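The values are calculated or read from the model by the stated rules, or taken from the named source; none is laboratory data. All values reported here derive from a predicted model rather than from experimental measurement. Note that we place each Cβ from the backbone using ideal geometry, even for glycine, and neighbour counts take in every protein chain shown.
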Amino acid sequence: MRALEPLRRCAAIVILVLLSLGSGKSQTLSPAEHLVSSAPPWKPIVDLLDHFGASGSMEISGRCQAPEIPDIPPLRVPAGNDSSPVGAVTDMFAMDPRIGVAQDASGIVRINEAGIPRGLLNVRISRLSFSTDGMDAVYNPGGALQLILNTAEVRSYIAKHHMVQPNFNMAVSGGVILVPPIPDLPHISGIVEEVTVSQVLDKVLSVFPGIWLYEECPKQGKEEVFYLTFYQSDRNRAPDVLPRSILHQ
């Protein structure tokens with residue numbers, strides 16, 4: 001029963017966020033409430049965006065230390081007076097003046113901390129295929145992210161700038177699932193050319209709604225540390241594991 005308690009607390013804060021959209025009252029989360037909302041910390045943000053049928057991206061900085069990663073800024077329950085995701089998310093992050101919120105032409109809500117370097121996100125990839133070893137599709141965003149990070153241009157940039165990911169196995173959520181296309185499961189396939197890393201991440205969001213998050217971490221000696229991942233919403237969520245019957249087709 002104790003093992004279920006964190007999940008219950010997380011569910012309670014998510015419900016509180018969504019109910020507040022119609023309450024008209026803005027509430028500041030106490031440290032204890034913020035701790036609850038941070039289990040996992042990204043969930044209230046994803047659920048709020050999902051309420052508006054939107055996805056988002058986040059570019060922030062933090063300590064990048066397990067198990068607190070990602071270092072989501074302090075949140076507050078939005079007042080519920082906003083009819084757009086930008087207004088609601090701006091209200092949610094109102095306690096941190098470094099955070100700016102905007103929605104671009106793609107419909108993606110950008111949640112960005114001022115001054116975050118975008119060098120890696122701006123790397124241009126000449127060609128990326130969402131297939132490997134004769135398989136034709138990727139069935140979760142973690143698999144797509146691994147393919148992005150394994151492109152020649154990204155690997156070259158990471159090596160040149162001495163970039164590493166945190167030394168714990170959290171930098172990619174989900175494994176690579178590559179199987180022949182199955183129409184009734186969300187998947188990304190095909191080839192993209194002459195696109196930046198951030199543009200490919202946006203494309204993955206169009207198939208797997210939620211947020212992609214880039215976090216700049218403190219340097220470790222000469223190494224630049226970064227954290228890059230996806231967090232899915234419950235809308236059109238990709239399975240973590242495919243059914244055995246599919247895997248053996």
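Couple of notes before you dig in:
- Restricting attention to region 211-234 and to residues that are among the charged types (D, E, K, R) and out of contact with any Pro (no Cβ under 6 Å at 6 or more places or on another chain), the residue that is nearest to S198 (Cα to Cα) turns out to be E216.
- Among the residues of region 61-91, those that are among the aliphatic types (A, V, I, L, M) and part of a loop (DSSP other than H, G, I, E, B) comprise A66, I69, I72, L75, A79.
- Condition broken by V207, with the remaining ones in (1) over 20 Å from I60 (Cβ atoms); (2) modelled with pLDDT of 90 or more; (3) surrounded by fewer than 16 Cβ atoms within 10 Å (Cβ to Cβ) satisfied: (3)
To keep it simple, each residue is scored yes or no on (1) crowded, with 17+ Cβ neighbours inside 10 Å; (2) of a type in the set (A, V, I, L, M, F, W, C); (3) outside the structural domain of L205 (by TED's automatic domain parsing); (4) without any contact (Cβ under 8 Å) to a residue 40 or more places away in the chain.
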| site | (1), (2), (3), (4) |
| --- | --- |
| V138 | yes, yes, no, no |
| P141 | yes, no, no, no |
| L145 | yes, yes, no, no |
| E153 | no, no, no, yes |
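- Candidates P97, P78, P74: the one that is free of Cβ contacts under 8 Å to residues at least 12 places away in the same chain and not aliphatic (A, V, I, L, M) is P97.
- Screening A102 on (1) exposed (fewer than 14 other Cβ atoms within 10 Å of the Cβ); (2) at pLDDT below 95; (3) of a type in the set (A, V, I, L, M, F, W, C) shows it passes everything except condition (2).
- Among (1) under 22 Å from Y227 (Cβ atoms); (2) touching a Ser or Thr at 6+ places or on another chain (Cβ under 9 Å); (3) buried (at least 20 other Cβ atoms within 10 Å of the Cβ) - the single one P78 does not satisfy: (1)
- Figure legend. Inter-residue proximity from region 196-222: first residues in the same structural domain as W42 (by TED's automatic domain parsing), second residues crowded, with 22+ Cβ neighbours inside 10 Å and in a helix (DSSP H, G or I), beta-carbon distance below 7 Å, spacing 6+ or different chains. No pairs are indicated.
- Condition met for M58 (in contact (Cβ under 8 Å) with a residue 24 or more places away in the chain and in a loop (DSSP other than H, G, I, E, B)): no
- So V192, is it out of contact with any His (no Cβ under 7 Å at 6 or more places or on another chain), crowded, with 20+ Cβ neighbours inside 10 Å, at pLDDT 90 or above and farther than 18 Å from V164 by Cα: no
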